[in-house]
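So the structure is just underneath, and the comments pick up after that.
Read-outs throughout are calculated quantities, based only on the coordinates presented, and are distinct from any laboratory measurement. In this text, all values refer to a predicted model and were calculated from it rather than measured experimentally. Ideal geometry is used to build each Cβ from the backbone, glycine not excepted, and the neighbour counts take in all protein chains shown.
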Amino acid sequence: MQLFRRHLLLGLVLTFALSAAQAATPLHLLVYGGTGNIGQRIVREALDRGHEVTLVTRDPARVKEKHDRLKVVTGDVLDSASVAKLAPGHDVVISAVGANRANNPDYAIYRKAAESLVTALRSLGPNAPRLIAVGGAGSLEIAPGVLLVTKVPERYRAEVLGQKDALDYYRSVSDVRWTYFSPAGSIAAGQRTGKFRLGGDQLVTDAKGDSKISIEDYAVALIDEAEQAKHLRQRFTIGY
């Protein structure tokens with residue numbers, strides 16, 4: 001009996017050690033849109049957790065982050081052939097691409113980026129990296145069958161609909177491992193608390209009916225998803 005217990009204890013210790021080692025294994029992440037407000041926090045969160053990050057940008061001079069586990073390369077998310085060349089060797093592709101609101105924005109970029117990324121990953125077959133897309137909140141339900149977009153001011157509606165179009169496209173894709181991550185109704189720079197709630201297709205609100213999240217905590221949840229892959233071919237959301 002004593003020998004049995006000793007072997008059982010040893011087995012538990014080895015199992016725990018193996019699990020801890022697997023959890024500590026750094027991911028190789030390919031990030032598009034890593035110079036934006038959300039993208040920068042995602043990159044920082046990934047680096048702080050020990051992951052390897054390749055940041056893809058059309059203008060490397062815009063990248064101010066310096067780190068020995070950060071590699072900056074030139075590329076364009078809308079060039080699917082370029083994405084297909086860069087993606088192999090990475091575990092997860094993260095798209096934090098957004099429209100440039102300052103100069104005649106093209107809100108179709110969300111759908112265009114989705115199509116380009118899916119085309120590239122599809123060409124790599126079943127061993128292609130997973131894809132996590134930073135999404136919008138407008139496609140979340142605020143009541144059964146009622147979307148938040150119906151309450152969005154007209155000046156923001158084109159972008160919200162562009163984001164929803166990308167989600168609709170992802171939902172038609174069954175041969176690429178995608179995840180679409182919608183923020184809360186309000187997302188802004190703030191504190192990293194690590195305390196939040198996750199949801200599915202319904203807006204996450206607090207006791208006062210507010211739907212908020214800091215960019216920092218959004219980044220925490222996104223890297224959690226990169227590590228754990230709990231929402232494959234699903235949309236999920238976040239809020240306090």
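Helical runs (DSSP H, four residues minimum) scored at -39500 (n - 2.57) apiece and divided by the length of the chain put the mean residue ellipticity at 222 nm at -12000 deg cm²/dmol. Each peptide among 27-37, 220-230 gets the average number of other Cβ atoms lying within 10 Å of its residues, and from highest to lowest they stand as 27-37, 220-230. Scaling the Cα radius of gyration of the range 142-213 by the globular reference 2.2 N^0.38 Å produces a ratio of 1.24.
Ranked by how many other Cβ atoms sit within 10 Å of their own Cβ, fewest first, the residues E52, E45, E141 fall in the order E141, E52, E45. Over the chain, the ratio between the Cα radius of gyration and 2.2 N^0.38 Å evaluates to 1.10. From least to most packed, judged by other beta carbons within 10 angstrom and beginning with the fewest, E115, E159 follow the order E115, E159.
Here K85 is the anchor, and the aspartates and glutamates within straight C-alpha reach of less than 15 Å, apart from those fewer than 8 places off in the same chain, are D76. Of the residues P105, G39, G239, the one whose Cα sits farthest toward the positive end of the charge dipole of the chain, with +1 on the Cβ of Lys and Arg and -1 on the Cβ of Asp and Glu, is G239. When the Gaussian network model of the chain links Cα atoms closer than 10 Å, the mean-square fluctuations of K64, K85, K212 top out at K64. By the rule of a C-alpha distance below 26 Å, with chain neighbours fewer than 8 residues away ignored, the lysines paired with K212 are K151, K164, K195, K230.
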